[in-house]
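First comes the structure, then the notes that go with it.
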Amino acid sequence: MNLRTSHKESLATAAIILSLAWPTIIEQAMQTAVQYIDTAMVGSLGTNATAAVGATTTVGWLIFSTISALSVGFLSFIARACGANNKTAAQKAVSQAVLVVLVVGSLYTLLTLSLSSRIPVWMQVDEGIEKLASTYFFILYLPMLPRAASTIFGTVLRAAGDTKTPMKVGIIVNLINIVLNFLLIYEARTVSLFSLSFTLPGAGLGVIGAAIASAVAFFWGGIHITYVLWKHPMVSPSGTSLRPDMSILKPCMRIAFPNILQRFGTSLGFVSFASMINSLGEVSTAAHTIANTVESAFYIPGYGMQTAAATLTGNAYGAGDKKRMKSLSSMFIPIEVLLMLLSGTALFIFAPTLVGLFSSNPEVIHLGTTVLRMVAISEPIYGFSIIVEGMMLGVGKTKEPFLYNIIGMWCIRIVGTFISIKLLGMGLVSAWACMIAHNLFLFVLYFFTYLRGTWNPLNTK
């Protein structure tokens, strides 16, 4: 009887995990699919166009990593409040999230637009594509405030257990982006469908058209998710004050600050990493950009599960439920590792085909395939790190992940890449080998953290 009850509880826990994870996985899959389409469309314009778009990608990671980190503080606070059935505290936290969006979104708008002409120079972009990369970046970050709203408000809704709304908004955003890409990137052209022929309008704007399409889609997404949040029955900030409330902001920022440092530090590392790769020339830059795009699709199951892990462990912590916390951790890890094992196997097998979708250059295809097959082998161990980190974020433990990621990024990936490329004159393969070493380092640290049980604050209560 006990075994049967335990089996039923395990199935119920797995069902809850998957019900929260699948909308996030679908949302991220859609985003990645659009990223694939964007890269393929721009890639059809030539290697220069691909390099111009990809050269500033890591700067975007740097910007949005800090915004995402701010949302982590609210995620933990709101998930715990919902777990304790404290609707008032959750709504007050959401009102403070709105305030943070207004302040941070405005500041980042000024910062990104004012520095748009300098960023390609700092990223060591080839002089021939500096102006194009700068214009692309400027347009893409015009709707910075709506993009900040999408990031933070989406996390707020997920923390309250609503992963479907951000998914729906994200799908529409990506559909808008696809349609506008077709209309803005290419010239007007005749298209044949079965026995019918018709003229498809086109602005012929190339890379600039891709930037405009994304900017319009991001603007709509930010406005729409703000509207949905205001109508939400559980966490609507309607009627609450937007004045700073330190009783909410202090605990949220205490959790968020180490994560901000972590994401800023690691994203700055990504910028340094990409800058060194950009110095290798257009082929390496294009192969790296395409490989990053392809690889991102295979992290979708991992990060979808991480969102569920953060939300559910935060709920269990808020309710003080030790048994549920233990049950969640024992279910999350095997599911995550299995998913990442499957995705890593698929990445290894289909790497040449996937790289070939974005470039017809034989050198780019060969180099991109090589680095993707290297990283595919490390997918399962990276999945373990992702899920343990997610559980730690859910309970507000952000200091250890900060230390782990900063040490791994700067002491292993960046130093190793600098030695490989700058001192030894090696190429892209050596840089990705350093990235894999970084992933192995994180696995070891998170593995021992999990074994010791220090990730779970209820172990000491």
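Using helices alone, what [θ] at 222 nm do you get for the chain, with -39,500 (n - 2.57) per DSSP H run of 4 or more residues, divided over all residues and rounded to the nearest 500?
Details: 17 runs with 352 residues, N = 461.
Roughly -26500 deg cm²/dmol at 222 nm, from the helical runs in the chain.
Going by the alpha-carbon gyration tensor, a ≥ b ≥ c the square roots of its eigenvalues, is the range 160-237 rounded (a/c under 1.5) or, if a/c is not under 1.5, prolate (a/b greater than b/c) versus oblate?
It comes out prolate by the Cα gyration axes.
What is the range 313-461's relative contact order, in percent, from Cα pairs under 8 angstrom and six or more apart in sequence?
This gives 28 percent for the range 313-461.
Run the reach check for Lys326 against aspartates and glutamates, Cα to Cα strictly under 13 Å, same-chain hits fewer than 8 apart removed. What comes back?
By straight Cα distance, Lys326 reaches Glu9.
Using the 2.2 N^0.38 Å rule of thumb for compact globular proteins, work out how the chain stacks up: its C-alpha Rg over that value, please.
For the chain, the normalised Cα radius of gyration is 0.98.
Calculated FRET efficiency, Arg373 and Val103, Cβ-Cβ r, R0 51 Å, to nearest 0.05? Write down the numbers at each step before the final one.
Values: r = 44 Å, r/R0 = 0.86.
That pair, Arg373 with Val103, gives E of 0.70.
Gln124 versus Phe350, label points 7 Å from Cα toward the beta carbon: distance in nm?
Between Gln124 and Phe350, the label points sit 3.4 nm apart.
On C-alpha positions alone, give me the angle between the axis of helix 144-159 and the longest principal axis of the chain, in degrees, nearest 10.
30 degrees
Specify the angular offset, from 0 to 90 degrees and rounded to the nearest 10, of the alpha carbon long axis of helix 246-278 from the longest principal axis of the alpha carbons in the chain.
Between helix and principal axis, roughly 30 degrees.
Can you sort Arg158, Arg189, Arg243 by how many other beta carbons sit within 10 Å, fewest first?
Least to most surrounded, the residues fall as Arg243, Arg189, Arg158.
If you stretched the chain out fully between Trp230 and Leu440, how much longer would it get, using 0.36 nm times the residue separation minus the C-alpha to C-alpha distance?
71.3 nm
Roughly how many whole Å is it from the C-alpha centroid of the range 127-199 to that of the range 248-269?
The range 127-199 and the range 248-269 have Cα centres spaced 28 Å from each other.
Which whole-angstrom value gives the distance between the alpha carbon centres of the range 215-233 and the range 95-109?
First find each Cα centre; the distance between them is then 15 Å.
Once you list every other residue whose beta carbon is under 12 Å from the beta carbon of Leu342, what net charge do they have if Lys and Arg are +1 and Asp and Glu are -1?
Around Leu342, the surrounding residues sum to -2.
Please state the relative contact order of the chain as a whole percent: Cα pairs under 8 Å, 6+ residues apart? Present the calculation step by step, with values, prior to reporting the outcome.
Details: 734 pairs, mean separation 105.5, N = 461.
With pairs under 8 Å counted, the relative contact order is 23 percent.
About its Cα centre, what dipole magnitude does the range 2-460 give when the only charges are +1 on Lys and Arg Cβ and -1 on Asp and Glu Cβ, stated in debye to the nearest 20?
Here the size comes out at about 1640 debye.
For helix 207-231, what angle does its Cα long axis make with the longest principal axis of the chain, in degrees from 0 to 90 and rounded to 10?
Once rounded, one gets 20 degrees.
Pairs Lys397/Lys422; Lys231/Lys397; Lys87/Lys164; Lys231/Lys322: which exceed 29 Å Cα-Cα?
Pairs exceeding 29 Å: Lys397/Lys422; Lys231/Lys397; Lys231/Lys322.
Please give the length that would be gained between His366 and Val429 if that part of the chain were fully extended, namely 0.36 nm times their separation in residues minus their C-alpha to C-alpha distance (nm, one decimal).
Extra length from His366 to Val429 when fully extended: 21.6 nm.
Computed FRET efficiency, Cβ-Cβ of Arg254 and Leu338, R0 30 Å: what is it to the nearest 0.05?
Approximately 0.30, to the nearest 0.05.
Please turn the phi angles of the range 161-167 into ³J(HN,Hα) values with the Karplus equation 6.51 cos²θ - 1.76 cosθ + 1.60 (θ = phi - 60°), one per residue in order, whole Hz, x for glycine and proline.
Values, residue by residue: x, 9, 9, 6, 4, x, 4 Hz.
Each reported figure results from applying straightforward, stated rules to the coordinates on display, with no laboratory input. In this text, all values refer to a predicted model and were calculated from it rather than measured experimentally. Positions of Cβ are generated from backbone atoms using ideal geometry, with glycine treated the same way; all protein chains shown enter the neighbour counts.
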